[in-house]
Amino acid sequence: MDNNELRLYLNRLLAADCFQDYCPNGLQVEGRRQINKLVTGVTASLALLEAALAWGADAILVHHGFFWKNEALPITGWKYRRLRLLLAHDINLFAYHLPLDAHRDLGNNAQLGERLGWVVDGRFGANELGWLATLPAPVTLDAMAAHVAHRLGRQPLALGDAHHKVRRVAWCTGAAQGLFNDAIEAGADLYLSGEISEATTHLSRECGVAYLAAGHHATERYGVQALGAHLANTFEIEHCFIDIDNPV
């Protein structure tokens, strides 16, 4: 597959031009024209790039790429080492941030909801990045935390009474603790995101809405896998998801 063809396809599929993001979405580093082997991962860390090179990747597709807003511009140190590996081996790097969070089928929120067995029935927040679902029957916060731990393979940090009853759930993957108040206004009994801030505790206590911080990396492993599988099924390319563990 041609790298420009893949760029245009992904930009259309994810509606990349519709988002004001913290980084450029699309082809961030150009490599060889022909793509036969694609690696997907959460973050374009050096460890992921080295693993992709060892697998023989022509292209890497991630959620967290390069060139973030307010990032230092000089290409030195860790940034130089990452870019040097890509350029020296002619490997393409594609990155999609908010567009991958938001996609209704392949996105991080869609895939996380599917993994947790939540059927979306509403959206909220800017770009409708927050998702909502109504459970068939109420469950306790303690039971919900155990369910999330089982499905994601890590124990979430829970705020709220363990016996707090949850029926209406809201979620947004990654560092989306800023949407907590929007989730409360949308009628959620519980909000799940990847990260948490100091102020989150007070908001949870004062509003009586539970909060689960399930891990930035842990909540954002599934969209890029689904997207990679979709590309492998649509085009004649081989796909491999490489998970570089991250406790955050």
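The values are calculated or read from the model by the stated rules, or taken from the named source; none is laboratory data. Small disclaimer: the values here were computed from a predicted structure and weren't measured. Every residue, glycine among them, receives a Cβ derived from its backbone with ideal geometry; neighbour counts consider all protein chains shown. Surface areas here come from the heavy atoms of the whole protein model, side chains and all, with no ligands, DNA or RNA. Shrake-Rupley method; radii C 1.70, N 1.55, O 1.52, S 1.80 Å.
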The alpha-carbon center of region 191-244 and that of region 21-68 are separated, in whole Å, by 19 Å
Got a sec? Which residues in region 166-184 would a label at A199 touch, if it sits 7 Å along Cα→Cβ and we count backbone N under 15 Å?
176-184
Provide the solvent-accessible area of T201, counting protein heavy atoms only and rolling a 1.4 Å probe, rounded to the nearest 10 Å².
30 Å²
Need the list of aspartates and glutamates near K37 for cross-linking: C-alpha distance under 12 angstrom, and skip anything on the same chain fewer than eight residues off.
D2, D58, E236, E238
Sequence neighbours fewer than 8 away in the same chain don't count; with that in mind, list the aspartates and glutamates whose C-alpha is under 16 Å from K165.
D142, D189
Label Q20 and A72 with points 7 Å out from Cα along Cα→Cβ: what is the distance between them in nm?
2.9 nm
Filtered hits (lysines, Cα-Cα < 23 Å from K79, offset >= 8 within chain) -> K69
What accessible area per residue comes out for the chain, rounded to a whole number of Å², with a 1.4 Å probe?
46 Å²
Run the 1.4 Å probe and let me know the accessible area of R221, rounded to the nearest 10 Å².
40 Å²
Run the quick spin-label model on Y9 and C240: label points 7 Å from Cα toward the beta carbon, then report their separation in nm to one decimal.
2.0 nm
Please give the FRET efficiency for L46 paired with R167, using the beta carbon to beta carbon distance and R0 = 51 Å, rounded to the nearest 0.05.
0.70
Restricting to the chain, compute how many DSSP beta bridges are antiparallel as a %, nearest 5.
45 percent
With every protein chain in place, the accessible area of W55 for a 1.4 Å probe, in Å² rounded to the nearest 10, comes to 60 Å²
Leaving ligands and nucleic acids out of the surface, order V166, V119 by accessible area at 1.4 Å, largest first.
V119, V166
Where is the GNM fluctuation largest for the chain (alpha-carbon springs, 10 angstrom cutoff): N108, N36, N70?
N70
Under a 1.4 angstrom probe, counting protein chains only, how are F66, F19 ranked by accessible area, largest first?
F19, F66
Carbon/sulfur accessible area of the chain, % of total, 1.4 Å probe, equals 51 percent
